[in-house]
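Enquirer: Below is a structure I'd like to ask you about.
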Amino acid sequence: MAVIKKKGWAGLWASLALAAVGQVQAGDVTSISFEIVNNTAASITLNRSSWDRSLAAPGYFDVGRFNQNSFDANYSTNFTYPSKVNPQILRETLSYKEGERECTFTLDLKVYQSFGVFSPTVRATRAVDAKSTGVERVKCYADVVEYDNSAPFDFSVQFIMTEPD
């Protein structure tokens, strides 16, 4: 389940429930804040994600030329039984496109558990990647800009699409 909250001017939030799968407890939701930065001379559109984008208003995820768009996605998670060998993994892939130029952004949150002297220790790692996947070349960047090392392991990412040299 993912719930999207778009950050907008004047402190207003528009929210979108992308899937409804029952009641989720606060500890079972990991929030990821996305900041999409478009440093190109053309608007870019969300081309691919795991979300049901048909529930959003047209243009909800678009980013104007030399502009940015921010939104939060809440993922239903269960980090109850991760292990050192088999971590629990949350993976998301977004693709933004303009004409023949496209950036594909991926993120992984892996949660591991090991057993300490007194209690289990849970730790998380985050990885982001950005690749130019269109016919025409474009520069793509990704970075984790903020994170929480305690459950539910919320974090923020910044994805940037910019003109090639």
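The values are calculated or read from the model by the stated rules, or taken from the named source; none is laboratory data. This one's a predicted model, so the numbers in the text were calculated from it and none came from an experiment. When we count neighbours, we look across all protein chains shown, and the Cβ atoms used for this are built from the backbone with ideal geometry, even at glycine.
Enquirer: Scanning the range 141-157 for residues that are in a strand (DSSP E or B) and among the aromatic types (Phe, Trp, Tyr), which turns out nearest to Thr77 (Cα to Cα)?
Expert: Here the residue is Phe155.
Enquirer: Any residue in the range 133-153 that is touching a Leu at 6+ places or on another chain (Cβ under 7 Å), under 13 Å from Ile32 (Cα atoms), surrounded by 13 or more Cβ atoms within 10 Å (Cβ to Cβ) and aromatic (Phe, Trp, Tyr)?
Expert: yes
Enquirer: For Ser43, are the conditions met, namely being under 18 Å from the mean Cα position of the chain (by Cα), within 26 Å of Cys140 (Cβ to Cβ), at pLDDT 75 or above and small (Gly, Ala, Ser)?
Expert: no
Enquirer: Follow-up question, since we're still on this one. For the range 86-139, give me the residue count where each residue is more than 19 Å from Phe61 (Cβ to Cβ) and of a type in the set (Gly, Ala, Ser).
Expert: 6
Enquirer: Still on this model: Check Asp28, Asp52 and return the single one that is charged (D, E, K, R), within 17 Å of Leu109 (Cα to Cα) and either modelled with pLDDT of 90 or more or within 18 Å of the chain's Cα centre (by Cα) (or both).
Expert: Asp28
Enquirer: State all residues of the range 125-140 that are in a strand (DSSP E or B) and not hydrophobic (A, V, I, L, M, F, W, C); if no residue qualifies, say none.
Expert: Matches in the range 125-140: Thr125, Arg126, Asp129, Lys131, Ser132, Glu136, Lys139.
Enquirer: Now a separate question. List pairs: first residue in the range 61-74 and under 12 Å from Phe159 (Cβ atoms) and in contact (Cβ under 8 Å) with a residue 40 or more places away in the chain, second residue part of a loop (DSSP other than H, G, I, E, B) and among the aromatic types (Phe, Trp, Tyr) anywhere in the structure, Cβ distance under 9 angstrom, at least six positions apart or on different chains.
Expert: Asn69/Tyr60; Asn69/Phe61; Phe71/Tyr60; Phe71/Phe61
Enquirer: Here is a follow-up. Would you point out the residue of the range 136-157, among those that are at pLDDT 95 or above and of a type in the set (A, V, I, L, M, F, W, C), that is farthest from Ser70 (Cα to Cα)?
Expert: Within the range 136-157, the match that is farthest from Ser70 (Cα to Cα) is Val138.
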